[in-house]
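A short worksheet on the structure shown next.
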Amino acid sequence: MNSTWKLFCRTMRVMGKRRFLYYGAIAGMSIGMGMFSVLSSLMMKGVVDISQSGDYQRLTVTVVWIVAAGVVSLIVYRRAAVVYNVEAKRVYGNLYEKILNLEMDLPYAYYEKHHSGEMMSKVSYDLGRMGDIYGSRFRRMIMPFLEVIVYLVPMLVLSPQLTLCLVGVNVVMLFLNMVLAEPFRRVSRELSGINSSMTRKLSDILQGMEQVRMFAHGRETVQEYIRLSQKYAKKSNRKILIASGLESGNRGFDLLCSLVFLALGVFFVQRGFTTLGALAAIYTLYGSFSFQFLQMNRYIPELVAYLTYAQNIFDLLEEKREEKNWYTQKECFQADNDADDTWMAAMDNVSFSYGDKVVLQNYSMRVQRGECVALTGSSGCGKTTVSKLLLGLYPIDGGTITVVGNSVRNMSNRDLRDFFAYVPQEPYLFEGSILENIRMGKLCASTDEIVEAAKVANAHTFIMNLENGYDTPVGERGNRLSGGQRQRIAIARAILKGAPILLMDEATSALDNESERLVNDALRRLRGNKTIIMIAHRTSTIQMADRVCSMNPI
Amino acid sequence: MKKNVFLKNMLHYWYMPLCGILLTSVLNFAVVRGNEVISEVIDQLLAGQEIVFGSFLGEFAALTAIGFAAAFVAAAVSGKYGVLVSARYRQQVIQKLYRMEYQYFDEHNSASVINKVNADLNEAERFLGETLVMLAADAVAVVIYANYVRRLNAGLFLMALVCYPLVLWIANRLVRKIHSLTMTYREKSDAITSIAQDALNGILVVRSFGLEDYFQDKMHTATLALVDNEEKRARVSNTAVLIRKLIQWIPNILCAIYAVVLVMHGKLSVGELLAFILVLSKLVESFMGLPFQMVDAAGSIVSIQRVEEILRTREEGGISRGQSVSQPEEEIVLAFDNLTFGYSEAQTVLEHAQFEVHRGENVAFVGESGGGKSTIFHLLCGFYRAQKGTYRLYGRDFAEWDIDKAREQFALVSQNVFLFPASIEENIRYGRWDASGEEVVAACKEAEIHDFIESLPMKYQTIVGERGAMLSGGQRQRIAIARAILKNAPILLLDEPTSAIDEGTEKEIQRAIARVRQGRTCLTIAHRLSTIQDADWIFEVKNKKIEEVGTYEQYMETIL
């Protein structure tokens, strides 16, 4: 209980000082809306009292005053609601920024362990739920309390006896609701369990439609889905019964309350405790009161459940970030571009292991300025690991890596990465145009520079053949372009970066022969100007290299 | 006439909603009758008469009991109705999905279909179980209450009659306006998600190019846009709330003033006034409920239409023809005769394509990527229908085949192997569900994947992730080969993966394939020269035609 409260406070503190504005907005909304209902009831009271007393001159004044007050309370409500919504969205946006900041800063090993889609969907799910706390859940819980108070005050003033009796009836109703709520929740949970297994099955069927149709067992899968659907329908019966019980309780109590109201009202009026007008006012208020009263306990468990999503987000935000430099906590040295650079990249006696698995042991490799080196070896021997170590994605266990005369131990990971232009095996393109994607290599590049880079990468011709040229959107993950086209854009991006070393990780492995030829032509153009390290297994690529380093598995 | 399956399903259980509406009407009558009793008692009270509780208490208790019962049964019946109809509908949809033309899946991604089946069908269920009955009940309630007000005083009735439709109209327009603003909100918030997703998916590029700040800035801009949009949206939508509340209030104010005037002229008793006020609040509730129920209903109808669209899609031909006689003695196993095909009318992939494959042959297809090689396989399996020309399987026009039986002739190993999120064993067993454990192992040994599976901690019971994410392309390919072996179909269709497979793995796969080919007719889409070396015959797919190239040696001559 205590920890839930702490978590709740922490969630609210995320808003900083603005949370007081936020609380104020919720109070404003409750009072504005509550007052409006109270005023509409007062109108009814006025009407009945006036007709009963025959004091008809008061009618206009009463109506004008009440309408004016009603308009004011609605304006208060509107203002508060705008502030509330804006603040809720603001905190959601800020949280998302923080999360992104963290996500981009995690140690690389984290991404390898967690599937990015899964990570992303989990985060956006948790964050969405957490945003809902600010956007609706908290308000839904707190507003009924505030509104009930707003209603209760005038009701008590109008007739304390009648009001207390009505509250008594409502408590009974609340109790009934609470009794039925638990089984209702349970059956809903069961149903959503069946529902999600139905979704899984359906998703399997759809994604594997080719197999489902090609194998006789596929038909059986369809039958399984139908069986689940029937089970769902059957399980629904219980839910319907409970829901109907609640529904009839609510409706029936409406009638029952009328009876209680009538009996008590008539009794009190006869005794002179209250007036007929007050009776009318209480009755019209009572509807809203009753509704909010029953809402009171409904949203608390929901809010508590949502707090666990906030907890997930807090946990994620505490995840360890990548170090500026793997080896020292001290301020890093500035990378020296003019250091002894006969060896552009050198690995000396490097050892590295993934957890318990030793991948590299005393591995050495040196690359000269302007050289084109191919790194080959059977799969699993650690070729890709070499490129990841060069990029500083992991700390090495022993030995030294020197890039352009600087040891990786003495410069920040960012400085190290600036020496490399990297072309990954899967050429990832970001959502946006081709131009924007190439520009990622150097954000301040002019359009001419971009076109130049695209020409070198053998991409210019195909880009110009597209309808919108460089402004063509590449689609999600670049899926509107073919593999070869994506790869050449990735190469253009790397060229534009202007880094001294071009590092290519099996960049042509996924391409058909024609695309491979175009990419290799582009690489030939770069030879001599740049130091190129390429991880490759295709003979055609290896042939281009000045030197081939072959790796043996340990 | 459009065939509306949903409507048919709705009418199948027609008596249920009828029963629901009747019972809701009973409930409303009970409420009105209760109010009449109140009104009478109050008039007695004002006239200074002694109130005898016993005189109306019995009737009131009876009304309450009837109300309870009617509300319960009405809610239960309509809830049940929603579930029954949607379950029936869901079953029809899934069977349709299994049978519909494959092209549908090219045009719609699986997420959107899942959405249709799940969200839209749930929406339909809610519509039937709640909205439909509520809508009818509200309409009935309005009539009943309005009638009561009319009996009380015709002028009051007219007053309410004039005001409310106006309110309805205005409220409706406001709702629509808010709807469009909500749409832009969705867009802005999707933009934020997609920036984060993009940065995370391309983390390797982000990191190696130092793009962290760039994305952080982009995100910040998107967040500001979201907050900005929210401010606009909140302003408009809350102004709409304000206006709606005020407009809803107007009829009440007018009716109340008019009622006072009536009392002043002695046309209405104070007791009746009170009863009027009590019924007015109910009338308003039902009346105001109507437009929102209608908006709800409009949304649900969109959902239903989306699902209807699935049910209207064309089905594959040759379903349950029952002609299952395969003719394995036929010499020509597969033949395209002057066949033309395109995914759309405008763009053909194959034109007048022609080829034959004889029994036991090992045939390879080469050609540019995107040239239509995979399309040929899809046509062979009957996923698509040719626009012109014929495709013969064992000498018989494919259109005459029972499609399930025809597919039993093929074992397809496609390029992107889909593995179901289940154990490896189950995935392999998909080839033949009743295969024994030994048979599964034997198939895996033949596909050279057994040793790998044994090296996993859970062995054959290892669960493969969604899309088989845990396994490499080569491993997935070999599992698919094992599955094909288990299926033991006479024709093997093999779409070679283009993705990176190192030489060792490639050799293992080659050996596995060579073994599977024994005694089968085999068609391969080749991306590597090594694959086509043992082909008996090579076809090149070029310029929308299938050209015979000849043997490997002849092919090498043409490209050199």
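The values are calculated or read from the model by the stated rules, or taken from the named source; none is laboratory data. Source: prediction; values computed, not measured. FYI the Cβ positions are ideal-geometry reconstructions off the backbone, even for glycines, and counts take in every protein chain you see. With ligands, DNA and RNA removed, areas are computed over all heavy atoms of the protein, side chains included. Shrake-Rupley method; radii C 1.70, N 1.55, O 1.52, S 1.80 Å.
Amide H of B:His358: which non-local residues (sequence gap of 5 or more, or other chain) have their own amide H closer than 5 Å, using H built in the peptide plane?
Distant-sequence amide H within range of B:His358: B:Val333.
What does the charge count near B:Asn118 come to, summing +1 for each Lys or Arg and -1 for each Asp or Glu among other residues with Cβ under 13 Å from its Cβ?
+3
Antiparallel as a % of all DSSP beta bridges within the protein assembly as shown, to the nearest 5?
Percentage antiparallel, nearest 5: 50.
Hey, which lysines would be in cross-link range of B:Lys80, C-alpha to C-alpha under 21 Å, not counting anything within fewer than 8 residues on its own chain?
A:Lys231, A:Lys234, A:Lys235, A:Lys239, B:Lys8
Would you work out the relative contact order for the range B:183-295, in percent, from Cα pairs under 8 angstrom that are 6 or more residues apart?
Contact order relative to length: 22 percent.
Could you compute how much accessible surface A:Thr199 exposes when probed at 1.4 Å, giving the result in Å² to the nearest 10?
Looks like 40 Å² after rounding.
Compare A:Tyr23, A:Tyr363 by solvent-accessible area with a 1.4 Å probe and give them largest first, with all protein chains kept in place.
Reading off the accessible areas and sorting them downward yields A:Tyr23, A:Tyr363.
Rounded to a whole number, what is D in µm²/s for the protein assembly as shown from Stokes-Einstein with the Kirkwood radius over alpha-carbon pairs (10 °C, 1.306 mPa s)?
Here the translational diffusion coefficient equals 45 µm²/s.
Are there any trypsin sites (Lys or Arg not before Pro) in the range A:411-501 that are in a DSSP loop and have at most 16 other Cβ atoms within 10 Å? List them by number.
A:Arg480
Can you list residues from other chains, or at least 5 along the same chain, whose modelled amide H is less than 5 Å from the amide H of B:Gly389?
B:Thr340
Given the protein chains as shown and a 1.4 Å probe, how many square angstrom of A:Ser446 are accessible, to the nearest 10?
That residue has around 50 Å² of solvent-accessible surface.
Which order do B:Asp397, B:Asp536 take when ranked by solvent-accessible area (1.4 Å probe, heavy atoms of all protein chains), largest first?
B:Asp536, B:Asp397
How would the range A:75-181 be classified by its alpha-carbon gyration tensor: rounded, prolate or oblate, with rounded meaning a/c under 1.5 and the a/b versus b/c comparison settling the rest?
Oblate.
Leaving out ligands, DNA and RNA but keeping every protein chain, what accessible area does B:Val73 have, in Å² rounded to the nearest 10, with a 1.4 Å probe?
B:Val73 has an accessible surface of roughly 60 Å² with all protein chains in place.
So for chain A, averaging the separation of alpha carbon pairs under 8 Å that are six or more residues apart and normalising by length, what relative contact order in percent results?
It rounds to 15 percent for chain A.
For B:63-71, what's the mean count of beta carbons from other chains sitting within 10 Å of each residue's beta carbon?
5
Using Cα pairs closer than 8 Å and at least 6 residues apart in sequence, work out the relative contact order for the range A:178-325, in percent.
So the answer I get is 21 percent.
What's the local net charge at B:Phe452, with K and R +1, D and E -1, over the other residues with C-beta under 12 Å away?
0
Rounded, prolate or oblate for the range B:346-396? Axes are the square roots of the Cα gyration tensor eigenvalues, ordered a ≥ b ≥ c, and the cut-off for rounded is a/c under 1.5.
Since a/c reaches 1.5 but b/c is at least a/b, the shape of the range B:346-396 is classed as oblate.
Can you show me the helix-derived [θ] at 222 nm for the protein assembly as shown, built from DSSP H runs with n ≥ 4 at -39,500 (n - 2.57) apiece and divided by the number of residues, rounded to the nearest 500.
-21500 deg cm²/dmol, from helical runs alone.
Can you put A:Lys122, A:Lys89, B:Lys545 in order of accessible area, largest first, using a 1.4 Å probe?
A:Lys122, B:Lys545, A:Lys89
Are there DSSP H segments in chain A that both extend 18 Å or more along their axis (alpha-carbon positions) and score a mean Kyte-Doolittle hydropathy of at least 1.0? List them, or say none.
Span-like helices, by this rule, are A:138-158, A:276-295.
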